[in-house]
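The values are calculated or read from the model by the stated rules, or taken from the named source; none is laboratory data. As the structure is a prediction and not an experimental result, all values here were calculated from the model. For neighbour counting, all protein chains shown are included, and Cβ atoms are generated from backbone atoms with ideal geometry for every residue, glycine included. The protein model used for the area step is the full one, side chains on, heavy atoms only, and it has no ligands, DNA or RNA in it. Shrake-Rupley method; radii C 1.70, N 1.55, O 1.52, S 1.80 Å.
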Amino acid sequence: MFPLPNRISDLIEECSHRKCKRCNSVPYVQTICLLCGEMICFQSYCCIKDDHGECFLHSQTCGKGTGMYMLIKKCMVFINSGNNGQFLNAPYLDVHGEPDESYIRGKPQFLSPRRYEELRKMWLHKSIPSYISQRLENIIDYGGWETI
């Protein structure tokens, strides 16, 4: 998996000028593949192909249909498998051990080795498809994940 820096502010700074390889522009929602580190356009029309978003398309080549992406400024992780997906909290926590979704509080956040290891194990044990299935059973979801 792609190594993440200890502070989320370092990740934001590092990725602020990186461009998407597909459209050669800096994505509005900065998203990196946690498997290879490539910058991805998240839910952006510029990289849609055949009604499939770039996360879906990238996961076909990078993860054989399964992907794991960090939405940097939203402090979220998006995982997908096939046409399904799920959002998770990022592996970054503040000094009190709490996640800050969408970076609303703006407090410094640090990489939680335990949470990052959970993501790594999820990938290594190939448990992303079953995790997504279990989560989607409990909610009403009309799909559309492949457009992300």
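Go through the residues of the stretch 43-50 one by one and say whether even a single one is outside any strand (DSSP E or B), in contact (Cβ under 8 Å) with a residue 12 or more places away in the chain and open to solvent by less than 10 Å² (accessible area, probe 1.4 Å). Yes: the stretch 43-50 contains one or more residues that are outside any strand (DSSP E or B), in contact (Cβ under 8 Å) with a residue 12 or more places away in the chain and open to solvent by less than 10 Å² (accessible area, probe 1.4 Å). Against the criterion of being in contact (Cβ under 8 Å) with a residue 24 or more places away in the chain, aromatic (Phe, Trp, Tyr) and touching a Gly at 6+ places or on another chain (Cβ under 7 Å), residue 110 does not qualify.
The residue that is nearest to residue 13 (Cα to Cα), counting only those in the stretch 83-98 that are outside any strand (DSSP E or B) and open to solvent by 30 Å² or more (accessible area, probe 1.4 Å), is 95.
Could you tell me whether residue 78 is open to solvent by 60 Å² or more (accessible area, probe 1.4 Å) and farther than 15 Å from residue 9 by Cβ?
On the way: open to solvent by 60 Å² or more (accessible area, probe 1.4 Å): no; farther than 15 Å from residue 9 by Cβ: yes.
Judged against the criteria, residue 78 is not a match.
In this structure, residue 38 does not qualify as more than 16 Å from residue 109 (Cβ to Cβ), of a type in the set (Asp, Glu), touching a residue at least 24 places away in the same chain (Cβ under 8 Å) and open to solvent by less than 10 Å² (accessible area, probe 1.4 Å).
Note on the stretch 100-127: among residues that are in contact with a strand residue (DSSP E or B) (Cβ under 7 Å, 6 or more places away or on another chain), part of a loop (DSSP other than H, G, I, E, B) and open to solvent by less than 50 Å² (accessible area, probe 1.4 Å), the one that is farthest from residue 11 (Cα to Cα) is 112.
Inside the stretch 55-69, can you point out the residues that are part of a helix (DSSP H, G or I), surrounded by 13 or more Cβ atoms within 10 Å (Cβ to Cβ) and free of Cβ contacts under 8 Å to residues at least 40 places away in the same chain?
Here is the first cut: in the stretch 55-69, the residues part of a helix (DSSP H, G or I) are 55-62.
With the extra rule that they be surrounded by 13 or more Cβ atoms within 10 Å (Cβ to Cβ), the set shrinks to 55-60, 62.
Matches in the stretch 55-69: 57, 58, 59, 60, 62.
Conditions (1) in contact with a helix residue (DSSP H, G or I) (Cβ under 6 Å, 6 or more places away or on another chain); (2) modelled with pLDDT under 90; (3) closer than 23 Å to residue 137 by Cα, marked per residue:
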site: 54; (1), (2), (3): yes, no, no
site: 57; (1), (2), (3): no, no, no
site: 66; (1), (2), (3): yes, no, yes
site: 70; (1), (2), (3): no, no, no
site: 75; (1), (2), (3): yes, no, no
site: 78; (1), (2), (3): no, no, yes
site: 81; (1), (2), (3): yes, no, yes
site: 86; (1), (2), (3): yes, no, yes
site: 92; (1), (2), (3): yes, no, no
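Among 84, 80, which is the only one that is touching a residue at least 40 places away in the same chain (Cβ under 8 Å), under 30 Å from residue 61 (Cα atoms) and out of contact with any strand residue (DSSP E or B) (no Cβ under 9 Å at 6 or more places or on another chain)? Just one listed residue meets the conditions, 84.
Please find, within the stretch 9-42, the residue that is nearest to residue 116 (Cα to Cα) out of those that are assigned to a loop (DSSP other than H, G, I, E, B) and polar (S, T, N, Q).
Only one residue tops the list, namely 16.
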